[in-house]
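Below: the structure, in structure tokens.
What follows draws every value from the coordinates through simple rules; no lab data is involved. Quick caveat, the model's predicted, so the values are computed rather than measured. Quick reminder, even Gly has a Cβ in these numbers, built from the backbone with ideal geometry, and neighbours come from all protein chains shown.
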Amino acid sequence: MCALKAVVAIKDDLVKFTQKIVRLPSVPGEEGEVAMVVLAKLQEFECDEAWIDGIGNVIGVLRGQGRGPNVLLNGHLDVVPAGRVENWRYDPFGAEIDEEGNIRGRGTADMKGGLAALVFTMKLMKDLRDQGVELPGDVIFSAVVFEEAAEMFGMEYLCKTSLPDKGLIFDVCYLAEPTNGRVNLGQRGKVEIVVTTRGRTAHSSRPWRGVNALEKMLPVLDRIFNKMGRELPSHPDLGQCSITVTNLVCRPGALSVVPDECEISIDRRYAPGETLDSIVAEFEALFEEIKKKDPKFEAIARVRTFLERSYTGYEKEVQKHHPMWIIERDHPFVQRTLHALKRVGQEVDVGYFAGGVDGGLTAGLMGIPTIGYSRADENLAHTSEEYIPIKTLVETAEGFAAILCELFDIDITELNGA
């Protein structure tokens with residue numbers, strides 16, 4: 001249970017704030033209302049700077065003494081849709097507290113609980129500075145849009161535009177994703193591959209006059225399900241690479257018409273040593289093999305792209321891709337993080353994300369050490385049973401406060417007051 005007096009003192013306000021933001025539905029593209037609430041809280045806490053950037057991310061900064069390290073505390077504003085309301089025992093946007101002390105609702109675990117903990121961590125650090133404690137580096141808070149869309153749309157804008165425009169850099173990034181209290185150090189890469197086979201339309205009463213694009217897709221499906229998945233490598237930490245088909249569409253999709261186009265969506269999880277080019281090349285080699293047996297076979301493979309538009313109106317074409325990344329267990333930031341959490345009584349171990357998170361940008365593309373942590377249960381994410389225990393919420397705030405004290409060489413007892 002939380003022992004730091006400064007954290008205990010914010011418990012009630014932290015719970016109320018978490019409830020407030022959970023009650024605001026915020027699927028990707030509709031985060032504007034919750035963004036304003038988060039911004040208002042950062043302004044209330046008197047961060048040195050707090051603003052909403054061009055894509056709709058919320059950013060807050062506590063300036064340090066310039067000695068570093070500079071720390072990015074990152075979360076996301078968006079949640080996945082609630083789905084069928086009748087599958088929920090509680091209102092998915094009611095943020096009710098049940099008899100066991102759990103806040104219920106969509107986004108409580110993934111990740112408005114963790115996001116709220118980061119917001120209040122900013123308050124704890126601001127209070128310490130107001131008491132005369134020096135912060136050697138900057139503390140940068142960010143709540144990004146479009147994380148759930150698995151495209152790093154908001155995170156890329158944050159790291160490539162918003163922070164550089166303010167002259168802000170960071171040496172380590174913490175993601176408040178649900179990790180069950182583990183310190184997560186990486187993920188398999190995730191990419192959505194689109195395979196399209198082509199044919200020729202005909203009336204379905206005379207199918208032999210056309211070329212059925214769905215029929216041409218059959219050897220591709222057979223290879224994916226019966227061979228590719230069995231031959232993929234495994235990584236000792238990140239786990240087994242995988243491949244599966246998640247969607248199939250035929251066009252024109254009209255009654256009595258043989259389709260001249262068939263498209264499948266493929267979820268491919270990959271490990272170190274693989275690249276987007278090598279993954280696409282696997283399919284191109286397969287197509288050549290099939291074409292030797294079937295001269296009428298025609299197909300292309302590509303990475304899925306979307307033209308995304310944020311709630312501010314910012315648009316960009318983005319890939320459905322989360323690069324793989326991994327941080328070594330003996331990295332100094334990892335070791336100091338583990339030490340900090342143990343100091344506040346949290347049993348902690350190292351883990352890795354099963355899904356994709358925005359560390360694919362910070363660690364995978366930028367090479368900046370990135371660590372995932374919160375006490376929320378990742379197994380509840382995206383489910384109709386989603387909740388976060390109040391105890392877990394408060395412990396997450398305590399954990400982040402302890403981590404910052406450790407990185408900044410601040411005596412953690414400062415959080416117990418005079």
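Nearest-5 percent of antiparallel DSSP beta bridges in the chain?
Values: 51 of 67 bridges.
Percent antiparallel among DSSP bridges in the chain is about 75.
In bins 10 Å wide, starting from 0, what share of all Cα pairs of the range 189-307 does each bin hold, as a percent?
Histogram of Cα-Cα distances, whole percents per bin: 13, 42, 30, 12, 3, 0.
What is the fewest-to-most order of Glu308, Glu100 by other Cβ atoms lying within 10 Å of their Cβ?
Placing the least packed residue first, the sequence is Glu100, Glu308.
Could you state the angle between the C-alpha long axis of helix 11-22 and the longest principal axis of the C-alpha atoms of the chain, as a value from 0 to 90 degrees rounded to the nearest 10?
Roughly 30 degrees, rounded to the nearest 10.
Helix 113-130 sits at what angle to the longest principal axis of the chain, using alpha carbons and giving 0 to 90 degrees rounded to 10?
Here the helix axis deviates by roughly 30 degrees.
Could you please state, rounded to a whole Å, how far the C-alpha centre of the range 354-394 is from the C-alpha centre of the range 62-129?
11 Å
At most 15 other Cβ atoms within 10 Å and a DSSP loop assignment: could you name the GluC sites (Glu not before Pro) in the range 347-418 that fit?
Glu347, Glu385
Got a sec to turn the phi values of the range 86-91 into Karplus ³J(HN,Hα) couplings, 6.51 cos²θ - 1.76 cosθ + 1.60 with θ = phi - 60°, whole Hz, x for Gly and Pro?
For the range 86-91, the Karplus-derived couplings read 5, 7, 9, 6, 10, 4 Hz, x marking Gly and Pro.
Suppose every Lys and Arg Cβ carries +1 and every Asp and Glu Cβ carries -1, with no other charges. What dipole size does the range 189-307 come out with about its Cα centre, to the nearest 20 debye? Before the final figure, lay out the partial values.
Values: 18 positive and 17 negative charges, 101 e Å.
Dipole about the Cα centre, nearest 20: 480 debye.
Test of understanding: express the Cα radius of gyration of the range 119-269 as a ratio to 2.2 N^0.38 Å, with N the residue count. Write down the numbers at each step before the final one.
On the way: Rg = 24.7 Å, N = 151, 2.2 N^0.38 = 14.8 Å.
Computed over Cα atoms of the range 119-269, the ratio equals 1.67.
Hey, what number do you get for the chain at 222 nm if only DSSP H runs of n ≥ 4 count, each worth -39500 (n - 2.57), divided across all residues, to the nearest 500?
The per-residue figure over the chain is -8500 deg cm²/dmol.
On C-alpha positions alone, give me the angle between the axis of helix 32-44 and the longest principal axis of the chain, in degrees, nearest 10.
Approximately 20 degrees, to the nearest 10.
At most 12 other Cβ atoms within 10 Å plus a DSSP loop assignment makes a site exposed; report the longest stretch of the chain without any exposed trypsin sites (Lys or Arg not before Pro). All intermediate terms of the calculation are to be shown ahead of the outcome.
Values: sites that count: Arg67, Arg84, Arg89, Lys296, Arg329.
For trypsin sites (Lys or Arg not before Pro) (loop position, at most 12 other Cβ atoms within 10 Å), the longest site-free span of the chain is 90-295.
In units of 2.2 N^0.38 Å, what is the alpha-carbon radius of gyration of the range 41-119? Present the calculation step by step, with values, prior to reporting the outcome.
Numbers: Rg = 16.4 Å, N = 79, 2.2 N^0.38 = 11.6 Å.
Taking the Cα Rg and dividing by 2.2 N^0.38 Å, one obtains 1.42.
Could you sort out which of Lys112/Lys190; Lys190/Lys227; Lys160/Lys342; Lys227/Lys291; Lys160/Lys320; Lys11/Lys342 sit more than 29 Å apart by Cα distance in this structure? Show your work: numbers first, answer last.
Values: Lys112/Lys190 23 Å; Lys190/Lys227 19 Å; Lys160/Lys342 34 Å; Lys227/Lys291 18 Å; Lys160/Lys320 18 Å; Lys11/Lys342 21 Å.
Result: Lys160/Lys342 exceed 29 Å.
Read phi for every residue in the range 253-263 and hand back ³J(HN,Hα) as whole Hz from Karplus 6.51 cos²θ - 1.76 cosθ + 1.60, θ = phi - 60°, with x for Gly and Pro.
Taking θ as phi minus 60°, the curve returns x, 9, 5, 6, 10, 5, x, 9, 8, 10, 10 Hz for the range 253-263.
Once a ≥ b ≥ c are taken as the square roots of the eigenvalues of the Cα gyration tensor of the range 271-418, is the result rounded (a/c under 1.5), prolate (a/b larger than b/c) or oblate (a/b not larger than b/c)? Please report the intermediate quantities before stating the final value.
Numbers: a/c = 2.71, a/b = 2.29, b/c = 1.18.
Taking the square roots of the gyration eigenvalues as a ≥ b ≥ c, the range 271-418 is prolate.
Regarding the chain, what's the average projected area of the Cα-atom convex hull, expressed in nm²?
Its Cα hull, projected and averaged over all orientations, spans 22.1 nm².
Over the range 189-307, what is the relative contact order in whole percent, taking alpha-carbon pairs under 8 Å and six or more residues apart?
So the answer I get is 38 percent.
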